[in-house]
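Heads up, the thing below is written out as structure tokens.
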Amino acid sequence: MSVGSSYNQSVRILVQGIVQGVGFRPFVYRMAKQHHIKGTVCNTPAGVVIEAQGIRCASFINALRTNLPPRARIDSMSISDVPDSIQYDNFEILESFIGEGSVAIPLDCALCPACEAEMDDPLNRRYRYPFINCTDCGPRYTIIQIPPYDRVRTSMKHFTMCPECEAEYSDPNSRRYHAEPISCPQCGPKLKMIDNKANVIEGDPLDLAVKMLKEGKIIALKGLGGFHLMCDATSDAAVSELRRRKHRNAKPLAVMFRSLEDLETYTLISEDERNHIAGAIKPIVIVRAKQGTNISKYIAPTIDRLGVFLPYTPLHRLLFEHIDFPLVATSANVSDEPIIVRTDEIVSRLGNVVDAVLTHDRTIVNALDDSVVQIAQARVVMLRMGRGFAPRTFPLMKMLNESVLAVGAHQKSAIALGVKQNMVLSGHIGDLGSVEAEDYFDRTIQTFKRFYECEPTVIASDLHPNYSSTQYAVATKREHVTLQHHYAHILACMAEYTLNEKVLGFAFDGTGYGDDGTLWGGEVMIADTQGYTRIGFLKPFTLLGGDKAIKEPRRIALSLLFESYSLEEVLELNSPTTEAFLPHEIRTLHHMWLKKINAPLSSSMGRLFDAVASLGGFIQTLDYEGQGGMIMESFVDPSITEPFEFTLLNGVIDLSEMVKQIIVLTAKADVKRIIASRFIATVEAIMCRFANLHPELPIVIGGGVFQNHALMSRLYRGFDSNRFYAQQQTPINDGSIALGQLYYVIHNTKEKNER
Ligand code: ZN
Ligand code: ZN
Ligand code: FE
């Protein structure tokens, strides 16, 4: 392009770096006015996009580079000419849109620095105002009833703007120009404190909440996409009481810190982790915890990692004005059900868990959990997609001639919609199987149909006949496509990178329904968008006692021992697994194993992780899924790189040699560090073996096993980055199964039409 010329120009500028939530768009607006530039500026998932028209484009671009707001940073600027652009007659700040084309739903944003400064300023009319927001921050998706995004179609329609707010809203020079949720203490929502029976507690709601938290009480607090349960994270009494009331034994709880400085006294974080923690979205980031701090031992028992985040609403920030300790902030729900958004529901369903509720009268229309990410070798591994990231839109190369709904899996449910020229993946819904979850699942589908104005004619689901999502698909009586779970994992990654060629896929997962009706989860496949061939899998082992084995890894480990040793030998072994049983229990289970009584076969890598966790003496019975891998992770020493032995014969991955090697090791001494490290190295070695057999194919991974930080760090270090694809923008677990299902249907509808 040629920005130096003196005639009227139209350019599109994509700016990447720290440019969102730092007052960048208002800055662009001011610069545009100074340089007589017309056009628009808008946040997108790819960065800030500026459309600029005028004869001083070059000096405008130069001004953007040189006069940046203090907290902004430009990493890259790509500029392209737009010769047939429409003619603008002024310069406008557009809302933050996700995706392009006909559908555009803006995303929720954490409190921005400019609003933060205003709420700290005693002379500002929004001093200490819990609902301050602007075009760079505040609620979006969570308050929208129907697009387009205008105040009258949000839950803010119940609040009439006062003249001062109205003036800011209509002033193009104001940071709140068309900030739809704009309000102030005169005209906006109000806080309210109620007890667990819905009686209003008199007094200043914030003071009351602070006082109760200091007393070790448990409160529910209304956030952007739902309620949090909060208590003092340094109090063993408060945290163990929360666990007792919530019937949540050991599953880690997220912790919110007053400031980045506070957070760093409790954690060991990298530069990349810091950028994500303090960025414009403020997701929960799983990081390494420092040992010996005053954080309660009940927050994340037996693991050395901690889910941490910073205050992201003005209300959170006010709460921390008088609280100098970190707070547990976990989604308010019943076990793995969806997050609760209504005050009356908190009282009716969690009244026995909370002592009081700090709430307000701005309705949450669309529930959305906090996003959870971790960072491995500077790459994002998304564990839960929610606030700030969802719904996530991927533009398509072609226009779809019919709408497609993909209903995902069963756990970590999320749906995806193929509509017009977009694929849209929903945020985390929760585990299906309860009335509440299925109700939320259903509501999300209705919301998506309303938002994107479509009535899907094709429904894609998992192959598993008993998933309620599959049953939903059947009940619609629409054209129904079923897809094998692990193939869908690979397709989800391919969708994120728009891959359409043949790939070598590794789906390492908890469980999924296989084509042969057994439980899969350690699958190697050659796949493209048309289908897949399973070229490798873990040698199936038995889950002694079926579902019971999933909760008790010692049962899986025992079945692996039965594969390699006689019953008498097993009884003589000096192993943490056999020590976890009485001799007669081992005899009974051996009988079950021999006669194949309640002993389904599985090739799941997730279950193998659990079995190794038992064999290595890490854990024998689980409190939550994935616990075995998480405990082992804390023992991994990256300097130990020697894998265990395994054999590969006709694609069958046989790890019986590894089992024997672990038995020899454990008989000697406490060797957890060696076992955990060598096991992770073994998983990598298995992948390398296949990768070397197919050097021409890109490597694609997917499945819950890759949530393991130690494994992902190794893979990012070990594999050539030009060849290795792992999801970064969508969940690497079942949260993106719907995207994979959708990607398949989109690539196969054309042939269907030709048939
Ligand atoms: Zn703001
Ligand atoms: Zn007002
Ligand atoms: Fe899965």
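The values are calculated or read from the model by the stated rules, or taken from the named source; none is laboratory data. The structure displayed is predicted, hence computed values, not measured ones. Neighbour counts are summed over all protein chains in view; Cβ atoms, including those assigned to glycine, are modelled from backbone coordinates with ideal geometry. Areas reflect the complete protein model, heavy atoms only, side chains present, ligands, DNA and RNA absent. Shrake-Rupley method; radii C 1.70, N 1.55, O 1.52, S 1.80 Å.
List of remarks:
- Just one of (1) at pLDDT 95 or above; (2) in contact with a helix residue (DSSP H, G or I) (Cβ under 8 Å, 6 or more places away or on another chain) fails for Asn574. It is (1).
- Answer residue from segment 180-200, given it is touching a strand residue (DSSP E or B) at 6+ places or on another chain (Cβ under 9 Å) and open to solvent by 50 Å² or more (accessible area, probe 1.4 Å) and is farthest from ligand 2 (Cβ to nearest atom) among those: Ala198
- Taken together, Asn650, Asn692 contain a single residue that is within 35 Å of the chain's Cα centre (by Cα) and either open to solvent by 70 Å² or more (accessible area, probe 1.4 Å) or at pLDDT below 95 (or both), which is Asn692.
- Looking across segment 559-599, the residues that are under 22 Å from Gln627 (Cα atoms) and outside any helix (DSSP H, G or I) come down to Ser575, Ala580, Phe581.
- The residues of segment 265-310 that are among the β-branched types (Val, Ile, Thr), farther than 26 Å from Cys115 by Cβ, open to solvent by 10 Å² or more (accessible area, probe 1.4 Å) and touching a residue at least 40 places away in the same chain (Cβ under 8 Å), listed by number, are Ile286, Ile295, Thr302, Ile303.
- The requirement of being modelled with pLDDT of 85 or more, open to solvent by less than 10 Å² (accessible area, probe 1.4 Å) and more than 16 Å from ligand 2 (Cβ to nearest atom) is fulfilled somewhere in segment 74-91, by at least one residue.
- Meets criteria (among the basic types (Lys, Arg) and surrounded by fewer than 20 Cβ atoms within 10 Å (Cβ to Cβ)) for Arg714: no
- Inter-residue pairs, beta-carbon under 9 Å, first outside the structural domain of Cys42 (by TED's automatic domain parsing) and within 14 Å of Arg128 (Cα to Cα) and in segment 175-202, second open to solvent by 50 Å² or more (accessible area, probe 1.4 Å) and within 16 Å of ligand 1 (Cβ to nearest atom), 6+ apart: Cys184/Arg125; Pro185/Arg125; Pro185/Tyr127; Pro185/Arg128; Gln186/Arg125
- Segment 486-508 residues that are within 12 Å of Ile699 (Cβ to Cβ), paired with ones that are open to solvent by 10 Å² or more (accessible area, probe 1.4 Å) and hydrophobic (A, V, I, L, M, F, W, C) (beta carbon under 7 Å, 6 or more apart): Lys502/Ile526; Lys502/Leu697; Val503/Leu697; Leu504/Ile526; Leu504/Leu697
- Scanning segment 552-572 for residues that are touching a residue at least 40 places away in the same chain (Cβ under 8 Å) and surrounded by fewer than 16 Cβ atoms within 10 Å (Cβ to Cβ) gives Glu563, Ser564.
- Residues satisfying the stated conditions in segment 491-518, i.e. open to solvent by less than 10 Å² (accessible area, probe 1.4 Å), within 16 Å of ligand 3 (Cβ to nearest atom) and more than 17 Å from Met712 (Cα to Cα): Leu491, Ala492, Met494, Ala495, Gly512, Gly514
- Single residue of Thr330, Thr313, Thr359, Thr343 found to be open to solvent by 30 Å² or more (accessible area, probe 1.4 Å) and in contact (Cβ under 8 Å) with a residue 12 or more places away in the chain: Thr343
- Within segment 30-39, the residues that satisfy the criterion of being at pLDDT 90 or above and open to solvent by 10 Å² or more (accessible area, probe 1.4 Å) are Met31, Lys33, Gln34, His35, His36, Lys38.
- Cβ-Cβ distances below 6 Å connect the following pairs, each with a first residue in segment 712-735 that is in contact (Cβ under 8 Å) with a residue 40 or more places away in the chain, a second residue that is among the hydrophobic types (A, V, I, L, M, F, W, C) and in a loop (DSSP other than H, G, I, E, B), and a separation of six or more residues or different chains: Pro731/Met385; Asp734/Ala409; Gly735/Met385; Gly735/Ala414.
- Restricting Ser174, Ser155 to residues that are under 22 Å from Cys42 (Cβ atoms) and more than 10 Å from ligand 2 (Cβ to nearest atom) narrows the list to Ser174.
- Qualifying positions in segment 129-138 - out of contact with any Leu (no Cβ under 6 Å at 6 or more places or on another chain) and either at positive phi or part of a loop (DSSP other than H, G, I, E, B) (or both): Tyr129, Phe131, Ile132, Asn133, Thr135, Asp136, Gly138
- Being over 23 Å from Gly512 (Cα atoms) and either aromatic (Phe, Trp, Tyr) or out of contact with any helix residue (DSSP H, G or I) (no Cβ under 8 Å at 6 or more places or on another chain) (or both) is a description that applies to Lys477.
- Among the residues listed as Cys115, Cys109, the single one being away from ligand 3 (no atom under 16 Å from the Cβ), touching a Ser or Thr at 6+ places or on another chain (Cβ under 8 Å) and touching a residue at least 60 places away in the same chain (Cβ under 8 Å): Cys109
- Condition met for Phe679 (out of contact with any Lys or Arg (no Cβ under 8 Å at 6 or more places or on another chain), under 19 Å from Gly718 (Cβ atoms) and crowded, with 24+ Cβ neighbours inside 10 Å): yes
- Members of segment 150-173 that are surrounded by fewer than 19 Cβ atoms within 10 Å (Cβ to Cβ) and assigned to a loop (DSSP other than H, G, I, E, B): Asp150, Thr160, Cys162, Ser170, Asp171, Pro172, Asn173
- Given (1) modelled with pLDDT under 95; (2) closer than 20 Å to Arg362 by Cβ; (3) within 16 Å of ligand 1 (Cβ to nearest atom), index of the condition Thr154 fails: (3)
- Residue within segment 627-643 that is in contact with a strand residue (DSSP E or B) (Cβ under 6 Å, 6 or more places away or on another chain), surrounded by 17 or more Cβ atoms within 10 Å (Cβ to Cβ) and under 25 Å from Phe719 (Cα atoms) present: no
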